[in-house]
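The values are calculated or read from the model by the stated rules, or taken from the named source; none is laboratory data. Small disclaimer: the values here were computed from a predicted structure and weren't measured. Cβ sites come from the backbone with ideal geometry, for glycine too, and all protein chains shown count toward neighbours. Surface accessibility is based on the protein's heavy atoms, side chains included, excluding ligands, DNA and RNA. Shrake-Rupley method; radii C 1.70, N 1.55, O 1.52, S 1.80 Å.
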Amino acid sequence: MANKPSTESSPESGAACDIRATAVVARERYHTLMMNNGFPPGFAQIHANRLETLRDLAVSHLRDHPLDPLEHETVLIQSNGMGQWLKFAFAKGREGAGGIAAAQRFVLPQSFLWQAYRSVLGPGDVPESSPFDKQRLQWRIYRLLPELTRADPDTFAPLIRFLANDLDERKQHQLARRLADLYDQYQVYRPDWLASWLDGKDQLHTARGDHLELGADQCWQAALWRALHADVGDAARALSRPGIQERFIAALDAADPGSFPALPRRITVFGITSMPRPVLEALHALSRHTQVLQLIQNPSGYFWADLIEDRELLKLDHQRHPRKTGTPGHPLLAAWGKQGRDFIGLLAELDQPERYRDWFQAIDVFEPPVGDDANIADAPLLRQLQQDIYNLTPLPSPGEARPLAADDSMRFHRAHSRQREVEVLHDRLLDAFERTAGTRHPLRPRDIIVMVPDVDAYAPAVEAVFGTLDAGDPRYIPYTIGDRRSRSEAPLAAAIERLGDLPNARLTLGDVLDLLEVAPFRRRFGLTADDVMLLRQWCSDAGVRWGLDGRQRQQLNLDTRFEQNSWRFGLRRLLLGYAVGEGEAWQDIEPYPEIGSLDAALLGPLRALLDTLEHQLDTFSQPGRPQDWAQRMETLLDDCFALESNADLALEARLTSALQEWLGACNDADFDEAIPLAVARDAWIGALDDEGPTQRFLAGRVNICTMMPMRSIPFRMVCLLGMNEG
């Protein structure tokens, strides 16, 4: 019979009593150090299969062993939502009483490490941003690509084929962006490849230690990396992330403990389910000078890092969790847990539990989903599945399947459309609220998460089903949609995106009138919502259909002689109608006679609006350097919008900040060439897709969001939409 998973909390007997007594003495000594604000350095790992258990452990441990009053607790997390979830736990106070969460820094691992590099090596040796970070790398690649493809057409033949017929340089920009992302990942996950390429070896390293030569159609990757280093200069190798990491670890190894007072005395790594090896190695090096507590969610108490193929790559001399022999493991864990499998293997390589076992009462806190005294066949279906994963139980042979519980812990629904999916979801949620009403723990909207593959595709259906009910309606369910692009959600963002593409716009009647529905745009020209309704009728009756004028139509490769039904033509009809009423046609322009009284004052703002659009169209049609485009964008915001609300001002601040970051990246990459609109607009319009401060998670409502990687916050009810085909 296989050994049971280790919990480090089972009673011991016999000679083990001496070990326990020694551990108690060591824990008391550790507690004394803690009370004196002396945190022994080291790298400790705590495993648990429930994230709630890790949360409670982290809250109690950090509260019982606090830092000095003016120190900040440093917690590394995998997402901002996870940080918010932890803040709620810290703010609950003891015994569930209300409290506050303060003096805590929740940061992503890569951001923390860059600041740690600067703390150890000094700001003079490590800049605030690396010349090899993604955005700076993108514009350096964009600048170098034409030169490299001309100088070495044989090596860069695959790129030359891709860039063929690139009339507006959009393909060149997209390629540069993808390559910058690729090299950014190489710096994190495969620094050994980059080091070999810099040494002139066009090869790859495998996990077995073998070397594979790059194929002829891939050698350009190594050549481009060498060209990037040559372009940065002599200090390039030392300023890349692998180079900085190498110097960082060497400095930590050579220094005495306490040599770097800027480092936090304790670092808590919470619930991160996957880390690249360099990040783990950096944390391990930091543990010689600070205390690193890594709390790991592990679905099984058994060692499962060799469940699937290539298990010989993960054979280790030791592991703290027992193997379960004679079983291939659960197929879901084997199929979906590949990234976690590798992470558990890396953790086992670095783990030395004998060094920190005495710090805690237990270093593993596993809780079987189904207790030992319970019959698994009587447990809900979801608990049975969790228990099978926990025990690495394979699927039963045909005819040996145990009876399944008749419960609704797992449900599947078929629907013929997205709208119907959301309607079924709404009905199921109402049923769940009703069934738990009046119980000790009723289901609340904040206890539910709904995840979808593409939140922008499902948002209209969600709004149509959830958003059409009043708050007083018994069917009303409060909800929030997260992870949406700002330009899909904020009218101002959509208007900025549309105006940023004026040279390619047809400027139909609907396009311009839709812009006037955006309050800041309408306000800039002194118009009200009622004015827009009247202008809509006038312009439609005056025959306005599309195009600013004949010249703009010519820019769209259409007949320049055709002026009728354009905005300028319609404006002339309106002005002539105001001047002559129902008079005769003048220069083939029929007057529109419905203009009169005080309403005629609207023709002035309409004329100003068309003049502004014409000016912006002419400006955006010309290529310009990054500084030119930044100035044009700022002018567009000033000329077209009168911003008043906090949300609109925050969006403007984000856009302005993105422009400044772009200019800084171009300057660091020595890029100052003229680029067309198609390339420039992606630099600042893309900022509207970034998650802004207005996007809230765990806001007391049903959370509807995308299936972001590592969004593993526990909810009482998890719903998935769009689970079609693959």
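Identify, from the list ALA415, ALA406, ALA437, the residue that is closer than 15 Å to LEU720 by Cβ and of a type in the set (A, V, I, L, M). Explain how you work it out, then say what you get.
On the way: ALA406 fails: closer than 15 Å to LEU720 by Cβ; ALA437 fails: closer than 15 Å to LEU720 by Cβ.
From the options ALA415, ALA406, ALA437, the qualifying one is ALA415.
Residues that are modelled with pLDDT of 90 or more: list the helices (runs of 4 or more DSSP H) wholly contained in the range 534-651 that include at least 2 such residues.
Numbers: elements: 550-555, 567-580, 603-620, 626-640.
In the range 534-651, 567-580, 603-620, 626-640 are the helices (runs of 4 or more DSSP H) which contain 2 or more residues that are modelled with pLDDT of 90 or more.
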Response to the item:
Filtering the range 468-483 for residues that are surrounded by 13 or more Cβ atoms within 10 Å (Cβ to Cβ) and either acidic (Asp, Glu) or under 29 Å from the mean Cα position of the chain (by Cα) (or both) leaves a count of 7
Fill in: Residues of the range 276-292 classified as more than 13 Å from ILE249 (Cα to Cα) and open to solvent by 10 Å² or more (accessible area, probe 1.4 Å), total
2
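Does LEU385 satisfy the criteria of being open to solvent by less than 60 Å² (accessible area, probe 1.4 Å) and at positive phi?
On the way: open to solvent by less than 60 Å² (accessible area, probe 1.4 Å): yes; at positive phi: no.
It is false that LEU385 is open to solvent by less than 60 Å² (accessible area, probe 1.4 Å) and at positive phi.
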Practice prompt. Look through ARG553, ARG524 and report the one residue that is open to solvent by 40 Å² or more (accessible area, probe 1.4 Å) and charged (D, E, K, R).
Written response: ARG524
Worksheet item: What helices (runs of 4 or more DSSP H) lie completely within the range 79-153 and have 3 or more residues being under 30 Å from CYS219 (Cβ atoms)?
Response: 134-151
Practice prompt. Could you please tell me which pairs satisfy a Cβ distance under 9 Å, a separation of 6+ or placement on different chains, a first residue in the range 581-600 that is within 17 Å of ASP531 (Cβ to Cβ) and among the small types (Gly, Ala, Ser), and a second residue that is open to solvent by 100 Å² or more (accessible area, probe 1.4 Å) and modelled with pLDDT of 80 or more?
Written response: GLY596/TYR578; ALA600/TYR578
Worksheet item: Across the range 664-689, which residue is surrounded by the most Cβ atoms within 10 Å (Cβ to Cβ) among those that are over 18 Å from PHE620 (Cα atoms) and more than 19 Å from the chain's Cα centre (by Cα)?
Response: CYS666
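So is GLU590 open to solvent by 70 Å² or more (accessible area, probe 1.4 Å) and more than 41 Å from the chain's Cα centre (by Cα) or not?
Working: open to solvent by 70 Å² or more (accessible area, probe 1.4 Å): yes; more than 41 Å from the chain's Cα centre (by Cα): yes.
Yes: the conditions hold for GLU590.
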Practice prompt. Of the conditions (1) surrounded by 13 or more Cβ atoms within 10 Å (Cβ to Cβ); (2) more than 19 Å from LEU239 (Cβ to Cβ); (3) under 29 Å from the mean Cα position of the chain (by Cα), ALA207 clears all except one; give me its number.
Written response: (1)
Practice prompt. Just need a number here: residues in the range 620-635 that are surrounded by fewer than 19 Cβ atoms within 10 Å (Cβ to Cβ) and either within 19 Å of LEU515 (Cα to Cα) or not hydroxyl-bearing (Ser, Thr, Tyr) (or both).
Written response: 10
Discussion item. Need the failing condition index for ASP168 against (1) at pLDDT 90 or above; (2) not in a helix (DSSP H, G or I), just the number.
Written reply: (1)
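Condition (residue is over 25 Å from ASP408 (Cα atoms) and open to solvent by 50 Å² or more (accessible area, probe 1.4 Å)) applied to the range 436-454: is it met by at least one residue? Show your work before the answer.
First pass over the range 436-454, keeping only residues over 25 Å from ASP408 (Cα atoms): 454.
Those left that are additionally open to solvent by 50 Å² or more (accessible area, probe 1.4 Å): 454.
There is at least one residue in the range 436-454 that is over 25 Å from ASP408 (Cα atoms) and open to solvent by 50 Å² or more (accessible area, probe 1.4 Å).
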Item to complete: Considering each residue of the range 246-304, count those that are touching a strand residue (DSSP E or B) at 6+ places or on another chain (Cβ under 7 Å) and part of a helix (DSSP H, G or I), and give that number.
Response: 3
Item to complete: Residues being of a type in the set (Lys, Arg) and modelled with pLDDT of 90 or more: count how many of those fall in the range 702-718.
Response: 1
Practice prompt. Please go through the range 140-182 and pick out each residue that is over 29 Å from the mean Cα position of the chain (by Cα) and among the hydroxyl-bearing types (Ser, Thr, Tyr).
Written response: THR149, THR155
Practice prompt. Any chance you could count how many residues in the range 388-432 are assigned to a helix (DSSP H, G or I) and either touching a residue at least 60 places away in the same chain (Cβ under 8 Å) or open to solvent by less than 40 Å² (accessible area, probe 1.4 Å) (or both)?
Written response: 12
Practice prompt. Within the range 484-504, work out how many residues are without any contact (Cβ under 8 Å) to a residue 40 or more places away in the chain and surrounded by 21 or more Cβ atoms within 10 Å (Cβ to Cβ).
Written response: 0
Practice prompt. Evaluate the range 26-42: report whether one residue or more is modelled with pLDDT of 90 or more, open to solvent by less than 80 Å² (accessible area, probe 1.4 Å) and under 36 Å from the mean Cα position of the chain (by Cα).
Written response: yes
